[in-house]
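Novice: Shown below is the structure under consideration.
The values are calculated or read from the model by the stated rules, or taken from the named source; none is laboratory data. The model shown is predicted, which means the values in this text are computed figures rather than measured ones. Positions of Cβ are generated from backbone atoms using ideal geometry, with glycine treated the same way; all protein chains shown enter the neighbour counts. Heads up: the accessible areas ignore ligands, DNA and RNA and are worked out on the full protein's heavy atoms, side chains in. Shrake-Rupley method; radii C 1.70, N 1.55, O 1.52, S 1.80 Å.
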Amino acid sequence: MTSDRANSALLIVGHGSTVNPDSSAPTLAHAAEIRCRKIFADVECAFWKEEPSLRDALFLFDPESIRQVCVVPNFISEGYFTQTVVPRELELNRRITKRSNGQLWKYCEPVGNHPMMTELLLKRAGDIAPDIDPADTSLLIVAHGTDLNENSAVAAKREAEKIRALGKYAAVLNVYMEEPPLVSDWRQLTKTENVVVVPFFISDGLHSYEDIPRLLGIVVAAVVDRGQPGSPLPATEHGEIFRQNPYAIDSRKLFYAPSIGTDAGFADIIIEQALNAKS
């Protein structure tokens, strides 16, 4: 970023949700952390499905004091939202847009494209299962799958290939909720005593709290009293699903991590994507 940072702002854009209050929480947390570092004159967030909306973002920055706005999509992959929705709603022309008021808006790469993503996945896997031998461990990176979810399946495959090439784990697999290889088939897909599962999502929500645990079989296996087997967790117990590791299933140990987008390291990636924006 070549202009004076005192005149530059950062806008982090996310999907948001009308039904899941946790959807925007990581984005807001990363924004708060970046704000504390005082790298930019202003740091704001905008969402497709929450307030402030993407349209509202057009009026968030005073053109007299803010001459440049870096827009970083907090998305795992390129796709419909990053390529169509965000540019349309923010009235962006490709990578650089000059407003009628003179502001220069730079559209940056989504967080999921950053090379540091691989490092964060490895860190998350190590944090959730610190005392196991990676040589006797399978690492599963879980994405949604299907054409309805942009290119997250491609991004998960890319990250799995990069980690696999390091030779650290006995096996590294990209698995999906709705297309093969299915996360529900983890028992057949893996042979190791330990299995570490990291959801490749921006935020924790129904997928990470309920759907994936059910597909893994840990909702029934967990110690937490959830009423009827397979019933969803009360909202106050959502975090418990990540604190009951390891889960003993079929004489194996399964470790289940929170979604990768909740990692504090995402703040560093957002900053990097903004500062690396081409002039």
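Novice: Being assigned to a strand (DSSP E or B), touching a residue at least 24 places away in the same chain (Cβ under 8 Å), open to solvent by 40 Å² or more (accessible area, probe 1.4 Å) and under 28 Å from Leu206 (Cα atoms) narrows it down to one of Glu78, Glu44, so name that one.
Specialist: Result: Glu44 is the single residue among Glu78, Glu44 that is assigned to a strand (DSSP E or B), touching a residue at least 24 places away in the same chain (Cβ under 8 Å), open to solvent by 40 Å² or more (accessible area, probe 1.4 Å) and under 28 Å from Leu206 (Cα atoms).
Novice: Right, something else. Only one of Arg67, Arg88, Arg95 is modelled with pLDDT under 95 and basic (Lys, Arg); which?
Specialist: Selected residue: Arg95, the only one of Arg67, Arg88, Arg95 that is modelled with pLDDT under 95 and basic (Lys, Arg).
Novice: Scan (1) part of a helix (DSSP H, G or I); (2) under 26 Å from Asp131 (Cβ atoms); (3) at pLDDT below 90; (4) out of contact with any helix residue (DSSP H, G or I) (no Cβ under 7 Å at 6 or more places or on another chain) for the single condition Val219 breaks and write down its number.
Specialist: Exception for Val219: condition (4).
Novice: Please pick out the residue among Gln103, Gln188 that is touching a residue at least 40 places away in the same chain (Cβ under 8 Å), out of contact with any Gly (no Cβ under 9 Å at 6 or more places or on another chain) and not acidic (Asp, Glu).
Specialist: Gln103
Novice: Looking only at segment 164-178, decide whether some residue is modelled with pLDDT of 95 or more, part of a strand (DSSP E or B), under 28 Å from Asp268 (Cβ atoms) and open to solvent by 30 Å² or more (accessible area, probe 1.4 Å).
Specialist: Yes, segment 164-178 contains at least one residue that is modelled with pLDDT of 95 or more, part of a strand (DSSP E or B), under 28 Å from Asp268 (Cβ atoms) and open to solvent by 30 Å² or more (accessible area, probe 1.4 Å).
Novice: Across segment 47-63, which residue is surrounded by the most Cβ atoms within 10 Å (Cβ to Cβ) among those that are free of Cβ contacts under 8 Å to residues at least 24 places away in the same chain and over 23 Å from Ala6 (Cα atoms)?
Specialist: Looking at the filtered set, the residue picked out is Pro52.
Novice: For segment 179-201, name all the residues that are open to solvent by 20 Å² or more (accessible area, probe 1.4 Å), out of contact with any His (no Cβ under 7 Å at 6 or more places or on another chain), outside any strand (DSSP E or B) and of a type outside the set (S, T, N, Q).
Specialist: Glu179, Pro180, Pro181, Asp185, Arg187, Leu189, Lys191, Glu193
Novice: To continue, here is another question. Could you tell me which numbered condition Pro115 fails, if it satisfies all but one of (1) open to solvent by 30 Å² or more (accessible area, probe 1.4 Å); (2) under 19 Å from Leu10 (Cα atoms)?
Specialist: Every listed condition holds for Pro115 apart from (2).
Novice: Another question, if that's okay. At pLDDT below 95 and surrounded by fewer than 22 Cβ atoms within 10 Å (Cβ to Cβ): which single residue out of Arg243, Arg252 fits that description?
Specialist: One residue alone meets the criteria, Arg243.
Novice: Within segment 142-149, can one find any residue that is at pLDDT 90 or above and either open to solvent by 60 Å² or more (accessible area, probe 1.4 Å) or of a type outside the set (Asp, Glu) (or both)?
Specialist: yes
Novice: Return the only residue of Ile39, Ile66, Ile34 being of a type in the set (A, V, I, L, M, F, W, C), open to solvent by less than 20 Å² (accessible area, probe 1.4 Å), part of a loop (DSSP other than H, G, I, E, B) and farther than 27 Å from Ala160 by Cβ.
Specialist: Matching residue, one of Ile39, Ile66, Ile34: Ile66.
Novice: Return yes or no: is Lys157 surrounded by 14 or more Cβ atoms within 10 Å (Cβ to Cβ) and outside any loop (DSSP other than H, G, I, E, B)?
Specialist: It is true that Lys157 is surrounded by 14 or more Cβ atoms within 10 Å (Cβ to Cβ) and outside any loop (DSSP other than H, G, I, E, B).
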